[in-house]
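**Student:** Provided herewith is a single structure, encoded as structure tokens, for subsequent inquiry.
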Amino acid sequence: MNLHKKTLFMVGAFSLFLVGSACSAQPQVAPRPDGSVPVKDLSYAPEYKPVDEMAQSDVQVIHIAQVDDINSFNRNLKKPKGIHLPPAEDGLRDPQNEATHILAAPKPAFEGLPPTEYGNRVDWVKTLDDKKIRPRWEREDPDAEPFVMDLDIVRPVKASVPDVVFPHRQHTEWLFCSNCHPAIFIPQKGANQINMSAILLGQKCGVCHGKVSFPITTKSCRKCHSKPKPDDWKPPLSEATLKNPWK
Amino acid sequence: MLPIMKGRITWRALALGVVAWAAMLVAPAPAQAEYGDVVINNYADAAGMRPAVFSHWFHRIRFRCKVCHADLGFQFKAGGNKITMAKIIDGKFCGACHNGEIAWSVENCGMCHSGVPGTPTHFHGSTVQTLVAPPYQPLTGSAAPAPAAAPKK
């Protein structure tokens, strides 16, 4: 692990050096006013950080952000500068491409749809329930009805957060059984091992949640963790506490 | 996996530096695109086209996930479907709809090939990308060994 850290540090330091010299060699790229290295350019497409590509999973993310601006108020919190930007300003699409200016802007499209605080900032389940949109279930037939199954699966959680309720109804409004069964989930209650780190890594529920369906953030925990624990529920004490010699 | 050997520090550093440098020239501002936008660039750049950009928000207003991900066979993996123009004009993938019948036809190259050149294949705004630290690995669980008396490493 130590070796990895050292490697990471050296990689980071050396690349900063390279970036720095690149800056001075390219006058049209101005350094930031505070003189810091433009971290944002790396976060532009973070999945492509070369360490992701080349290293094994334990060094998946390198955060050069932690090297500079160490005393800034928010070292790591990055807030979006704007939401629902039109395509020509979103940084992903090229404004030099004429068709980019014809593409639809999200803001007017989302007007009147029930809001949320994360993801597309649209509550897609409610949007559909309220019939604000009519997405097709069949490619060519606008009137085909989805095959909806109303079955809730409760997954008790060891931790203090409320238990997880997986609702089939909301999912089968959008998806077909074969989207999940059997590749992602064995269709049997409790047969699948799920935990938060798998989800955050993009497995199990995280195949969709965190990519297209609502993401995993503080404000969305209770969407999945929706069944309150009984009033007398207490978190189990850890062994280290039970055996604590300094108690 | 780039053809660079693991552990060769200078090469890694060089690659990282070059990518950071290239990204800087290419991207004047951080991307603030919509959640669920996918850049698909397995081949486009190499063929001199801008990368293709697909937006989930736009399409999910018109279609359920099932249409693309069950009926049309799109795998849940950015870049994982190896889409090419040959497949598209054969009516597969995007070509199942962008054929002048369900949606505008494929000669409107710039509508799909709208990405900033050099942008790698990725899923924009995914939770994994926005994490400050790598996802937490639990102490116990399928992958981890039984907890030892004292933490090693």
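The values are calculated or read from the model by the stated rules, or taken from the named source; none is laboratory data. Because the structure is predicted, anything quoted here is derived from the model rather than measured. In this analysis, Cβ positions are derived from the backbone assuming ideal geometry, glycine residues included, and neighbour counts consider all displayed protein chains. Protein only, heavy atoms only, side chains kept; ligands, DNA and RNA dropped before computing areas. Shrake-Rupley method; radii C 1.70, N 1.55, O 1.52, S 1.80 Å.
**Student:** Can you give me the solvent accessible area of A:E98 with a 1.4 Å probe, rounded to the nearest 10 Å²?
**Tutor:** 150
**Student:** Follow-up. So, how do all the Cα-to-Cα distances of segment A:115-229 break down into 10 Å bins, in percent, from 0 on up?
**Tutor:** It works out to 12, 42, 36, 9, 1, in whole percents.
**Student:** State, in square angstrom and to the nearest 100, the accessible area buried between chains B and A, both chains counted, probe radius 1.4 Å. Walk me through the intermediate numbers first.
**Tutor:** Numbers: alone 12160 and 19210 Å², together 23660 Å².
Chains B and A together bury approximately 7700 Å².
**Student:** Just list whichever of A:K189/A:K219; A:K131/A:K223; A:K78/A:K219; A:K158/A:K219; A:K126/A:K219; A:K79/A:K219 have alpha carbons separated by over 23 Å in the model shown.
**Tutor:** A:K189/A:K219
**Student:** Another question, if that's okay. If A:K223, B:K66 are ordered by their accessible area, calculated over protein heavy atoms with a 1.4 Å probe, which sequence runs from highest to lowest?
**Tutor:** On the way: A:K223 90, B:K66 10 Å².
My answer, sorted largest first, is A:K223, B:K66.
**Student:** List the trypsin sites (Lys or Arg not before Pro) in segment A:108-172 that DSSP assigns to loop (not H, G, I, E or B) and whose Cβ has at most 11 other Cβ atoms within 10 Å. Which are they?
**Tutor:** On the way: sites: A:R121, A:K126, A:K131, A:K132, A:R136, A:R139, A:K158, A:R169; in loops: A:R121, A:K131, A:K132, A:R139, A:K158.
In loop regions of segment A:108-172 (DSSP not H, G, I, E or B), the sparsely surrounded trypsin sites (Lys or Arg not before Pro) are A:K131, A:K158.
**Student:** Please give the average number of partner chain Cβ atoms lying within 10 Å of the Cβ of each residue in B:48-59, rounded to a whole number.
**Tutor:** Values: counts 0, 0, 6, 3, 0, 8, 0, 8, 4, 10, 4, 1.
Mean shielding by partner chains, rounded to a whole number: 4.
**Student:** Could you point to the residue in A:G202, A:S160, A:T116 farthest towards the positive end of segment A:115-229's charge dipole, with +1 and -1 charges on the Cβ of Lys/Arg and Asp/Glu respectively?
**Tutor:** The residue sitting farthest along the positive end of the dipole is A:S160.
**Student:** Take every residue in peptide A:105-114, count the Cβ atoms of other chains within 10 Å of its Cβ, and give the average of those counts.
**Tutor:** Counting other chains' Cβ atoms within 10 Å and averaging over A:105-114 gives 2.
**Student:** Right, something else. How far apart, in nm, are two points set 7 Å out from the Cα along the Cα-to-Cβ line at A:E140 and at A:D152?
**Tutor:** In this crude spin-label approximation the distance works out to 4.0 nm.
**Student:** Got a sec? Charge dipole of segment A:143-247, +1 on Cβ for Lys and Arg, -1 for Asp and Glu; which of A:F214, A:T172, A:W246 is way out at the positive end?
**Tutor:** About the Cα centre, the residue reaching furthest to the positive side is A:W246.
**Student:** If you place +1 on the Cβ of every Lys and Arg and -1 on the Cβ of every Asp and Glu, how big does the dipole about the Cα centre of segment A:115-229 come out, in debye to the nearest 20?
**Tutor:** Roughly 640 debye, rounded to the nearest 20.
**Student:** Which of the three applies to segment A:97-173, rounded, prolate or oblate, going by the alpha-carbon gyration tensor with a ≥ b ≥ c and a/c under 1.5 meaning rounded?
**Tutor:** oblate
**Student:** Compute the orientation-averaged projected area for segment B:41-133 from the convex hull of its Cα atoms and round it to one decimal in nm².
**Tutor:** 6.8
**Student:** Order these peptides, B:44-57, A:187-200, by their mean beta-carbon neighbour count within 10 angstrom, highest first. Don't jump to the answer; show the numbers that get you there.
**Tutor:** On the way: B:44-57: 18.7, A:187-200: 14.3.
Averaged packing, sorted descending, gives the order B:44-57, A:187-200.
**Student:** To the nearest 20 debye, what charge dipole does segment B:41-133 have about its Cα centre, counting +1 at the Cβ of each Lys and Arg and -1 at the Cβ of each Asp and Glu?
**Tutor:** Dipole size: approximately 280 debye.
**Student:** At 1.4 Å probe size, with the rest of the protein present, what percent of the exposed accessible area of segment A:115-229 is carbon and sulfur atoms? Don't skip to the end; give the middle numbers.
**Tutor:** Working: 3740 of 6710 Å².
Here carbon and sulfur together make up 56 percent of the probe-accessible area.
**Student:** If you roll a 1.4 Å probe over the heavy atoms of the protein chains, what accessible area per residue do you get for segment A:115-229, in Å²?
**Tutor:** Per-residue accessible area for segment A:115-229 comes out at 58 Å².
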